[in-house]
Every structure is written in structure tokens, then in C-alpha cells.
1. Out of (1) open to solvent by 30 Å² or more (accessible area, probe 1.4 Å); (2) touching a residue at least 24 places away in the same chain (Cβ under 8 Å); (3) not aromatic (Phe, Trp, Tyr), the odd one out for residue 166 is which?
2. Could you please tell me which pairs satisfy a Cβ distance under 8 Å, a separation of 6+ or placement on different chains, a first residue in region 8-23 that is at pLDDT below 85, and a second residue that is open to solvent by 30 Å² or more (accessible area, probe 1.4 Å) and hydroxyl-bearing (Ser, Thr, Tyr)?
3. For residue 198, only one of the following conditions fails: (1) in a helix (DSSP H, G or I); (2) in contact (Cβ under 8 Å) with a residue 12 or more places away in the chain. What is its number?
4. Residue check: is residue 65 touching a helix residue (DSSP H, G or I) at 6+ places or on another chain (Cβ under 9 Å), touching a residue at least 24 places away in the same chain (Cβ under 8 Å) and either over 22 Å from residue 8 (Cβ atoms) or among the acidic types (Asp, Glu) (or both)?
5. Looking at region 152-163, which of its residues are open to solvent by less than 50 Å² (accessible area, probe 1.4 Å) and not small (Gly, Ala, Ser)?
6. Please specify each residue of region 120-132 satisfying the condition of being within 15 Å of residue 174 (Cα to Cα) and of a type outside the set (Phe, Trp, Tyr).
7. Looking at region 118-140, can you tell me whether even one residue there is open to solvent by 10 Å² or more (accessible area, probe 1.4 Å) and assigned to a loop (DSSP other than H, G, I, E, B)?
Amino acid sequence: MSRVFIESQYPAATSMARVLSREMYEGAFPSWAAETCGGAGGLQPPSLDIGGMVTIRNYALVLPGLAGVLLGFVAGVWCLTRAKPSLRGDFSWGFGLMWFGTMNVVGLPLYCWVRSDVALYDELYAATLSFTMCACISAIFALLSNCGHIDDGEQGTHGTLMSVCLFILIVTSSLTQRASVAGKDSTPQMLLELLYFLCIALLAPFMVYRWARSSTGGAWMFIALAALVTMALSPLLDAPLCWALGASAAPHAAVAAWAAVDVMVAALWMQHRAWRAAAAVAEASQRAGVADKAKEIEDNKEEASKKTD
């Protein structure tokens, strides 16, 4: 259930939430739902044994994870190979989508295979968080570029975006190493989780702003916002799903969250494609108008020259 997943991935935040308001935390993530529908062993993620050799935890996440890998790399390559200085957003969207695809690549073994007592787990954990943050920051750059506030076709913008992502990678790696020594309830772990949640939270207002400014592709942006809300609220489905479906409800909320992220990213890509197509038409019309104006000026010059002769 979501409680199992959230407490394993964000131990400092959930620990603080329990301290601040245990009643509210239990209301959102009741222990009875986790014990009843959390898989074999009570508060353990549902797992699937394959031939008695490999155990896949949270096996229902494999499908949306693979979909995220495919979406990230296909859409990322699409944007990067079509990047034009005159059409803003291609580089930032492509950069962010590649981060998203890579995040899914490392997220699958983190959530579904590698045990938390293995050294590789901390490396995958740091990579997943940092790649997610880089994807969010890149999306913010892309949204600002689509709105005309920055130009991601310039080398300076490329360097700024890459520098921010490099900073995130270094800080995340450092905090993860410190947290592995100090403990999961330590200050480094709390700072790591706060940085992660901050990057995700920052994306929402920029999406709303882009939706308000959208003259093309507004429906896709609405779908993206709806998916973001679904992702944020999906953990609260634990109790009703467990009550309605029993033990079979275990993976549903987590699948809904990951699938909602995939839908959000796909909708953002489609919104950019719609905006890009409209911008390309406008650019072509402008060039045609300039060419017609130049031809008109040249014709007037020739006519004036004939009259002079």
C-alpha cells in the first residue's frame, strides 16, 4: 500500500508528519489498511517470486515504469532532434524528458528489485531523486521558454540549466551519503526530501501559469494538471480501495500514482507539440509576409526606374 511505499522512500518526512499530527497521519494512511492490504507479512510491499530465485517487489509498478522509460526517451529524442533556435522549448523539453526516462530506468530496480540492505540501493535512491528533480527543473525552463520569458535556444540558457542539474546531482549525492551514515531520521535525509518535494512543488504553479497563457494546446495542459492532482491524491486511496477490494487492492494506489505521472508527462509533450506546430505556422507566415513585402518594394523600385527612363 501507499503507506509502506511512502515510509520506505521518505522516512524523514513521514516521521515528522507522525510527530506533528499522528491522528491526521493515521486518518490519511490507516495502519489497518496497510496491515490488511499491504501484502504478505503485514507492512511489507506486495511481492512476486519468479522461480524461487528473483523476488519482484511492487510488481504492478513494472508496466507504468517501462511505459515511462519508453515515453521519456522517445519524446526526448523527438524534441532534441527537432530543436531550432527560432522555436523555443525544444531543448529544455528534450533535456527534461531524457531525465524522466532515465529516472524510470533507475526507479524500476529501486522500487521493484534491489533490497534496502544492499549498497546499490542508496545509489539508486540518490539517482532517482536527483533525476526527478532535474526533470522538474528542465520542465520549468521549458514552460518559461514557451511563454517567451527565456530563450532556451541560447547557449547561455543551456549552460544555466545544465549547471542547475549538476548542482542538484552533487547535493543529492552528498546528502544521501551523509544520511546513510546518520540515519533515515537525520537532518541530511530531511534536507534531501525537502529539496525533492520543493522541486516537484515548484513545477505546479508554472504549469498553471502556462495553462492560463495557452492559446494552443490548453486542453493538453489541463490533462497534465489533472494528472498531477491525481498523482498527489492517489496515496489517499489506500483506505477506500482496501475496504472495497481487500488484499487485491495492494498495488492500485501506487500504480495510479506512477501512471498519472506518465500521463502528465505525455500531456506536457503533446502540449509542446501543439504549441510548436502553431509557432512554426506563424513563423512561416511571417517569413512569407516579409518575402512578399520585399518583393513589393523591389517591384516598386523597378516601376519607378522605368518611369524615370
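The values are calculated or read from the model by the stated rules, or taken from the named source; none is laboratory data. Keep in mind that what you see is a predicted model, and the values were worked out from it rather than measured. Cβ sites come from the backbone with ideal geometry, for glycine too, and all protein chains shown count toward neighbours. Surface areas here come from the heavy atoms of the whole protein model, side chains and all, with no ligands, DNA or RNA. Shrake-Rupley method; radii C 1.70, N 1.55, O 1.52, S 1.80 Å.
1. Among (1) open to solvent by 30 Å² or more (accessible area, probe 1.4 Å); (2) touching a residue at least 24 places away in the same chain (Cβ under 8 Å); (3) not aromatic (Phe, Trp, Tyr), the lone unmet condition for residue 166 is (2).
2. Going by the 8 Å Cβ cut-off, the qualifying pairs are 8/116.
3. (2)
4. When the stated conditions are applied, residue 65 does not pass them.
5. Within region 152-163, 152, 157, 158, 161 meet the criteria.
6. Within region 120-132, 122, 123, 124, 126, 127, 128, 129, 130 qualify.
7. Yes, region 118-140 has at least one match.
Per-residue answers, yes or no, for (1) more than 23 Å from residue 111 (Cα to Cα); (2) modelled with pLDDT under 95; (3) open to solvent by less than 20 Å² (accessible area, probe 1.4 Å); (4) not aliphatic (A, V, I, L, M):
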residue: 150; (1), (2), (3), (4): yes, yes, no, no
residue: 179; (1), (2), (3), (4): no, yes, yes, no
residue: 183; (1), (2), (3), (4): no, yes, no, yes
residue: 186; (1), (2), (3), (4): no, yes, yes, yes
